[in-house]
Amino acid sequence: MTNFQIVLLSVFGFFILFAILLFSGLIPGLKGGGSNSGGTVVLWGTIPDSSMSGLLDEFNRQNKPTVLAYVEKDPDTLDRDLVETLASGSGPDLIMLPRELIYRHADKLYPIPYATLSKRDFLNTFVQEGELYLTDAGALALPFRIDPMVMYFNRDILSNAGISLPPQTWEEILAIAPKLVTKDSSGNITQSAVSFGEYGNVTHAKDIIALLAIQAGNPIVTPVQGGFKSSFGETSNLSLRSTDEAIRYYTGFSNPVQPQYSWNKSLPNSRNAFLSGALAFYFGYASELYGLRNSNPHLNFDVGRVPQAKGAPAVMTIGRIDGLAILKASQSPELAYQVATLMTGSDFALKLAKQIFLPPPRRDLLSAKPSDAYMNIFYASALISRGWVDPSSSDTSAIFRELIENVVSGRLRVNEAVTNADGEIGKLFEN
């Protein structure tokens, strides 16, 4: 058993009992405040303050004498800022916890016990990706925001190639890719089908690789007693590793001898290539829609769900998810829980979704399909979103980069590169 697992088991053992008593009201919050006494709850999050301020003003008017104070944080420094403030003996009551930080900060959070919020109620309320927050002790966070990966496509490129509808499967992309690639007289690619195969110039390369692996049946990381382990290289049946096939598919688009050859390291960043009209398909997040539109108002593009493997038993995409988590540093954990419950309720969740133009992570709200053509796709994608518990975002990014570069350069065979990556991910859980 690793040191992390030992710490989790011992810490959760105490806090399961404490949280049950706390959230059930049998003991008060550390400030002695109950649901009627009010107080100030400090929330750290990465949603722009300009998008939150109006909602928070309304929230505070409706929930006096409770005051919710919001502190906007840079996504790139959220982790460091939290570590530094906790080390100083202070910290917020609530934090918008992204899935990338679940493993790193699990021991700093109050789990919401199943005696307070049952596992069945959690599953019935929130999208499936929200299950990443579930532990034996309870829920580490309540899903608050979800941003699913979608497929943006250039309508002009497809129309010029005689393709009337966007592809629904990865096999279709493989088949139509040769029709979408153009080259100059020297053989250089001037228009690409899809930006797969490399790592450094592919926006969201790590998430795309994870998406393909998850769709192929590999969860990348699986829970074990007291922690997690890497399953990136595990065999999915007697003779085939699903991750190997995902990597072969991804890297095939950068192989000049393959008919689907569409991408290489000399090409610009994939997002910029799409914006310039030189890339047919761009795999990005729902939150990028208006950024793409504003960057090039004349680009004729649309959006669809990410393709699936033909005959796959379940459709899925990958998503970015944030949950409201209660920090042990909170001086009012009971009040923080009450605030988190209100903020993840259907009323606030729907208002937030409209404000930030993203789907809500609640199943009841996703059942009502919006009339907006883009949001309709986003709602459908949120419902099928999946994710994985990343032990260290920067380290796994380096591992995935090395994996792809080893395969593309020919230094390692696919199965060897996947085995190496599996071992390196596993080491991150051994500390």
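Relative to the dominant Cα principal axis of the chain, helix 205-215 is inclined by about 90°.
Amide hydrogen proximity for R145: with H placed 1.01 Å from N in the peptide plane, the residues at 5 or more positions away or on another chain lying under 5 Å are D322. Determine which residues of the range 91-118 fall in the zone a paramagnetic label at L342 would reach in this model, i.e. backbone nitrogen under 18 Å from the point 7 Å along Cα→Cβ. Output list for this probe position: 93-96. Based on DSSP loop calls and a cut-off of at most 13 other Cβ atoms within 10 Å, the longest stretch of the chain free of exposed trypsin sites (Lys or Arg not before Pro) is what? Segment 1-264 is the longest.
Take every pair of alpha-carbon atoms less than 8 Å apart whose residues are at least six positions apart; their mean separation over the length of the range 352-431 yields a relative contact order of 21 percent.
Give, as a single signed number, the net charge of other residues whose beta carbon lies under 14 Å from the beta carbon of M316, with Lys and Arg counted +1 and Asp and Glu -1. Don't skip to the end; give the middle numbers.
Numbers: positive: R305, R386; negative: E129, E131, D207.
With Lys, Arg at +1 and Asp, Glu at -1, the net is -1.
FRET efficiency for the pair D156 and N415, taken as 1/(1 + (r/R0)^6) with r the Cβ-Cβ distance and R0 = 30 Å, rounds to 0.15. Simple spin-label model, 7 Å along Cα-to-Cβ: K64 to N300 in nm? With each label point 7 Å from Cα toward Cβ, the separation is 5.6 nm.
The GNM of the chain, with springs linking C-alpha atoms under 10 angstrom apart, assigns the highest mean-square fluctuation among G387, G217, G38 to G38.
Counting DSSP beta bridges with both partners in the chain, what percentage is antiparallel, nearest 5? Taking every DSSP beta bridge with both residues in the chain, the antiparallel ones total about 70 percent. For the residues S330, S53, S242, a GNM of the chain with alpha-carbon springs under 10 Å puts the largest fluctuation on S53. With R₀ set to 25 Å, the beta-carbon distance separating A314 from A175 gives a calculated FRET efficiency near 0.65. Counting only Cα atoms, the size of the chain along its three principal axes is 76, 49, 39 Å, in decreasing order. Pairs K183/K265; K119/K206; K206/K354; K179/K206: which exceed 22 Å Cα-Cα? Beyond 22 Å: K119/K206; K206/K354; K179/K206. When each of the peptides 161-167, 275-281, 285-291 is scored by how many other beta carbons lie within 10 Å of its residues on average, the order from highest to lowest is 275-281, 285-291, 161-167. Kirkwood analysis of the Cα pair distances in the range 215-288 returns a hydrodynamic radius of 15.3 Å. Here, the range 189-243 yields an orientationally averaged convex hull projection of 5.5 nm² when only Cα atoms define the hull. Inter-label distance, D76 to S276: 2.3 nm, where each label sits 7 Å from its Cα along the C-beta direction. 3J(HN,Hα) couplings calculated from phi for the range 87-102 with the Karplus curve 6.51 cos²θ - 1.76 cosθ + 1.60 (θ = phi - 60°) are, in sequence order, 5, 7, x, 10, x, x, 7, 10, 9, 6, 8, x, 4, 5, 10, 4 Hz; Gly and Pro show x. Measuring nothing but how far apart in sequence close Cα pairs (under 8 Å, 6+ apart) lie, relative to its length, the chain scores a relative contact order of 27 percent. Positive contributions from Lys and Arg (+1) and negative ones from Asp and Glu (-1), summed over other residues with Cβ under 14 Å from the Cβ of Y70, come out at -4.
Scalar couplings 3J(HN,Hα) for the range 337-353, obtained by applying the Karplus form with A = 6.51, B = -1.76, C = 1.60 to θ = phi - 60°, are 5, 4, 5, 4, 5, 5, 6, 9, x, 4, 5, 5, 4, 5, 5, 5, 4 Hz; x denotes Gly and Pro.
None of the figures in this text is laboratory data; all of them are computed from the coordinates on show. It should be emphasised that the depicted structure is a prediction, and the values quoted were computed from it without experimental measurement. We place every Cβ from the backbone using ideal geometry, glycine too, and count neighbours over all the protein chains shown.
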